[in-house]
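Written below as structure tokens is the structure these notes are about.
Every read-out reported here was derived from the displayed coordinates using simple, explicitly stated rules and does not represent laboratory data. Treat the numbers as computed from the prediction; the structure is a model and nothing was measured. Methodologically, a virtual Cβ is constructed for each residue, glycine included, from the backbone with ideal geometry; neighbour enumeration extends over all protein chains shown.
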Amino acid sequence: MKATVSDIARTCGLSTATVDRVLNNRPGASAANRQRVMEAAKQLGYLPVADQVTLPSKPANLEFFLPIGSNAFMQDLARYIEDYASRLPLVASCRIHNLAGISPNALQTAVENLSLRANGVGVIAIDHPRTRNILRDIVDTGIRLVTLVSDIPAAPRSAYVGIDNRMAGRTAALLMGRFLGGREGRLAMVVGSRSYRGHEEREMGFRSVLGEEFPNLTISSAVEINDEPDVSYAETMKALRNEPELLGIYCVGAGRSGVAKAIREARPNRKPVFICHDLTKETRGYLVDDLADVVIDQNARLIAEQSVIRLLGSIASSAPYLTRKFIEPRLIFRENVPVQ
């Protein structure tokens, strides 16, 4: 039977009103009483535990650095992080920093606004020497670090929260080959930014499976669009003009909207198979309208929840690293689009 507020009050010798204030992160309880309540709640198994991650005994201050911009997936991720963190008594505060781009300079500028009270930081950033140095400086101050969506293995992070991106790219190639059923021809690839380790790994995985299992399919163009929809639109239109019989398009990162717009406007005689990532409001529409054939979704809600839990776990743990566990991607087709 799950412990109750009354059980916690009895264990720590305080009133149920005080326990309720602490668990719901409301004012009116001293620091000492907050500590007593959280320790009792932890002892009784009242506090949330995910995958046996030990959680801290007092509320923590979390901050996330995300290159949100106009990226629908990033917008969803930020919203889910804020929503989940607001419902956890163990999160004293949660602040989202919207990075002005993906460069190390953008991260450095944002990190200058990092609160002195911060206990844990989550980040989506490119794998670059300057980025790694910025993250080392953060960890050297005693703050715990978690990377999200695209890993930076050489950074002193406690955990990575996201899918296995190489596996995701291999899955995309397997689906592409199966959809095309042995036909011979050319494909186009739209890469968000190879500066992201995750995008680079997806491309590697995609190319590997094509070479291993589908030598009848060749990549005629692979353009890096730096997550700019206008660039992906222009490059996709160019590919469709240069290759009227183009068999398929794989969009590795953002830029999905530009690809979909180009397919819609070009109206090729036979629509190329279009595979992309991340289930958002717009990609739901692409599936329903038969523009996209499958979306490989990394589940923004689950990444948000696990990033908060893993940060709390890293703050509570004396170990430098938590056990590695990937998020399982979902394959979304027109017929199984989940309810929002």
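Observations
- Labels on offer are (i) 57, 47, 42; (ii) 140, 51, 43; (iii) 75, 43, 33, and the one holding Cα extents along the principal axes in Å computed from this structure is (iii).
- Using the average count of surrounding beta-carbon atoms within 10 Å as a protection proxy, the listed peptides 57-69, 173-185 rank, highest first, as 57-69, 173-185.
- For the chain, the number of Lys pairs separated by eight or more positions or lying on different chains, with C-alpha atoms closer than 14 Å, is 4.
- Basic side chains Lys and Arg get +1 at the Cβ, acidic Asp and Glu get -1 at the Cβ, and with that the dipole of the chain about its Cα centre reaches some 820 debye.
- Distance between the 7 Å Cα→Cβ label points at ARG241 and ASN133: 4.3 nm.
- The antiparallel fraction among DSSP beta bridges confined to the chain stands at about 10%.
- Ranking ALA292, SER150, ILE263 by how far each Cα lies toward the positive end of the dipole of the chain (charges on Cβ) leaves SER150 at the top.
- Residues ASN336 and ASN98, FRET efficiency given R0 of 41 Å [Cβ-Cβ distance, rounded to 0.05]: 0.80
- Three-way shape call for segment 165-297 based on the alpha-carbon gyration tensor, with the a/c threshold at 1.5: rounded
- Remark on the chain: CYS12, CYS94 stand apart, with no other cysteine beta carbon under 4.7 Å.
- For segment 1-47, a simple Cβ point-charge model (Lys and Arg +1, Asp and Glu -1, everything else neutral) yields a dipole of about 60 debye relative to the Cα centre.
- Cα→Cβ-extended label distance, 7 Å offset, between MET167 and GLU282, nm: 2.8 nm
- Length-normalised contact order for the chain - Cα pairs under 8 Å, 6+ apart - percent: 17 percent
- Given their separation in residues at 0.36 nm each and the Cα-Cα distance between them, ALA154 and ARG183 gain 6.3 nm when the chain is fully extended.
- Distance between the pseudo-spin-label points of ASP230 and ARG264 (7 Å out from Cα toward the beta carbon): 1.8 nm.
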